[in-house]
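Following: one structure in structure tokens, then a few remarks.
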Amino acid sequence: MTVRVYADVREEKSGIPSILEASGLMVIRRQLPIGDYIVSDQVAIERKSAYDFAKSLFDGRLFEQARRMSEAYPVIVYIVEGDPGRIRRFAGLHKQLYSAMATLTIDYDARILISNGPQGSAELIAAIARRIQGGGGGRVVIHKKPKIDDIESWQLYVLQSFPQVGPKTAERILERFGTVERFCRATMAELSTVPGLGEKKAESIRRILITPYRSGRKRSQGTLDEYTGQE
């Protein structure tokens, strides 16, 4: 089956969605609340030109955006498009650039990739999508059971298996409800009070918790929209 990529509608003018389609990927265009491309329910990609990367650092948007992305997705990827050396047009900003990259990597566990233009960005996105989805389509499952020895880490791991629940949101859930059991019994209204969730994400979580399992061909074919709460 075809590998799928969700692309923000504002990325259309970059030409990347069309390049991805030409390479055999299925591109589903949506107005995404976070990120420019989503390749699974765990991975979001943000594409920036070298100039915009520097500008967002200068006006303070970069780290706020990284914070929101890391709360929604366990894996976030920045593709910086163009020659970072051109950022030297901003006096002294090239030093801040390296500091920003270090902060994104250490504090937000972001992956930073450099491309030479739209074609290179498209190839990186396609490679990431194919790597995660294993060359197939359908529902993406990338969880690999880790080696965990303590209960607290298992609690965080279980909560992060829910859509758009990253490490920080998982901690907030446990701080709010105390146990995974209480989280599973929480109402949608109670879930939506957790910072980083909100009404739509809470609705998606409740749907997963209360929907009866249907095996074989009767299994519901949920889409990524259903799991990310997008419309």
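Read the figures in this text as sums done on the coordinates, not as results from a lab. Since the model is a prediction, treat every value here as computed from it, not as a measurement. Every residue, glycine among them, receives a Cβ derived from its backbone with ideal geometry; neighbour counts consider all protein chains shown.
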Exercise. Among Ser18, Ser56, what is the fewest-to-most ranking by other Cβ atoms within 10 Å?
Worked result: Ser18, Ser56
For this session: Note down the nm distance, to one decimal, between modelled labels 7 Å out along Cα→Cβ at Thr103 and at Ile28.
Result: 3.4 nm
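How large is the Kirkwood hydrodynamic radius of region 4-133, in angstrom, based on all distinct alpha carbon pairs?
On the way: mean 1/r = 0.0674 Å⁻¹.
Averaging 1/r across every pair of different Cα atoms and inverting gives 14.8 Å.
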Exercise. How large is ³J(HN,Hα) for each residue in region 68-81, as worked out from phi by the Karplus curve 6.51 cos²θ - 1.76 cosθ + 1.60 (θ = phi - 60°), to whole Hz, x for Gly and Pro?
Worked result: 5, 5, 5, 6, 8, 10, x, 10, 10, 10, 9, 9, 9, 9
For this session: Starting with the fewest neighbours, write out Tyr37, Tyr157, Tyr73 ranked by other beta-carbon atoms found within 10 Å of each beta-carbon.
Result: Tyr157, Tyr73, Tyr37
